[in-house]
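Here the structure comes first, spelled out in structure tokens, and everything after it is commentary.
The values are calculated or read from the model by the stated rules, or taken from the named source; none is laboratory data. Here the structure is a predicted model, which is why all the values come from computation and not from measurement. Ideal geometry is used to build each Cβ from the backbone, glycine not excepted, and the neighbour counts take in all protein chains shown. Remember, those area values only see protein heavy atoms, side chains included, never the ligands or the DNA or RNA. Shrake-Rupley method; radii C 1.70, N 1.55, O 1.52, S 1.80 Å.
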Amino acid sequence: MKLSNEQSFSPQPTLKCGQHRDPLIADRFSPLHHASLNGNLELITLLLESQAAVDIRDQKGMRPLHYAAWQGKAEPMKMLLKSGSSVNSQSDEGEIPLHLAAQHGHYDVSEMLLQHQSNPCIVDNAGKTPLDLACEFGRVGVVQLLLSSNMCAALLEPKKGDTTDPNGTSPLHLAAKNGHIDVIRLLIQAGIDINRQTKAGNSSP
């Protein structure tokens, strides 16, 4: 079940890939990047019909699908996915579109990406999964959505010898650090280890 008030808790975080970058002057932006960022369906249709490369990358390795996911624009997402855009191709920062949709609390777009086999277990260069980012920024509905994915169940318990996160930080640590009580409740209900400690020795509350 989708929870309401998804976007209401905090100021919108900045885009991690290309942080503080003005998209209008971004290096190696294609017309399809602009159209996807702005949600211009007519222009997206024209460009794709004219054989625009659907997975063209900008200087940061971001594709049009990344920008549509960041903005939470469902219709542009549908058009790009229908044209074969890859849901699991990573940017130079290691992010897939699901990272951006989850971080910014875009429930419908996150759900669409999961339906197209986006892998919620992929980690970015900071060692974070889409679930980590949704927990860190308090995106309750998206957290609930990701926890309903069978693949995300593996993220709640660290595997022995797992080196994806050298600090041992769990989604619960990220939610606790930022005071997201509703997210913490969901994680506890999902069975996460409430006493898990980071390698520095700090446990979640």
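Checking the stated criteria, S8 turns out not to satisfy the condition of being part of a loop (DSSP other than H, G, I, E, B), modelled with pLDDT of 95 or more and among the hydroxyl-bearing types (S, T, Y).
Report whether or not P13 is on the phi < 0 side of the Ramachandran plot, modelled with pLDDT of 95 or more and open to solvent by less than 40 Å² (accessible area, probe 1.4 Å). Answer is no for this residue. Taking residues in the stretch 175-196 that are over 13 Å from L156 (Cβ atoms), and partners anywhere that are open to solvent by less than 80 Å² (accessible area, probe 1.4 Å) and of a type in the set (S, T, Y), the pairs with Cβ atoms closer than 7 Å and at least 6 places apart or on different chains are A176/S204; N195/S203. Each residue in the stretch 41-55 was checked for being within 22 Å of the chain's Cα centre (by Cα) and surrounded by 16 or more Cβ atoms within 10 Å (Cβ to Cβ), and 1 of them qualify.
Among the residues of the stretch 51-67, is there at least one that is modelled with pLDDT of 95 or more, within 16 Å of H104 (Cβ to Cβ) and hydrophobic (A, V, I, L, M, F, W, C)? The answer is yes, given that some residue of the stretch 51-67 is modelled with pLDDT of 95 or more, within 16 Å of H104 (Cβ to Cβ) and hydrophobic (A, V, I, L, M, F, W, C). Only one of the listed residues (L32, L43, L81) is in contact with a His (Cβ under 6 Å, 6 or more places away or on another chain) and part of a helix (DSSP H, G or I). That residue is L81.
Return the only residue of A126, A101 being in contact (Cβ under 8 Å) with a residue 24 or more places away in the chain and closer than 13 Å to A69 by Cβ.
After ruling out the rest, the residue left standing is A101.
Looking at the structure I just gave you, is H116 open to solvent by 50 Å² or more (accessible area, probe 1.4 Å) and either in contact (Cβ under 8 Å) with a residue 12 or more places away in the chain or β-branched (V, I, T) (or both)?
Considered against the rule, which asks whether it is open to solvent by 50 Å² or more (accessible area, probe 1.4 Å) and either in contact (Cβ under 8 Å) with a residue 12 or more places away in the chain or β-branched (V, I, T) (or both), H116 comes out as yes.
The residues of the stretch 56-71 that are open to solvent by less than 10 Å² (accessible area, probe 1.4 Å), more than 14 Å from H34 (Cβ to Cβ) and over 14 Å from the mean Cα position of the chain (by Cα) amount to a single one, G61.
When the stretch 95-111 is filtered for residues that are in contact with a Lys or Arg (Cβ under 8 Å, 6 or more places away or on another chain) and either open to solvent by 20 Å² or more (accessible area, probe 1.4 Å) or among the small types (G, A, S) (or both), the ones remaining, listed by number, are A102, G105, Y107. For the residues L147, L37, the requirement of being in contact (Cβ under 8 Å) with a residue 40 or more places away in the chain and crowded, with 20+ Cβ neighbours inside 10 Å singles out L147. Between D132, D92, the distinction of being of a type in the set (D, E, K, R), open to solvent by 10 Å² or more (accessible area, probe 1.4 Å) and touching a Gly at 6+ places or on another chain (Cβ under 7 Å) belongs to D92 only.
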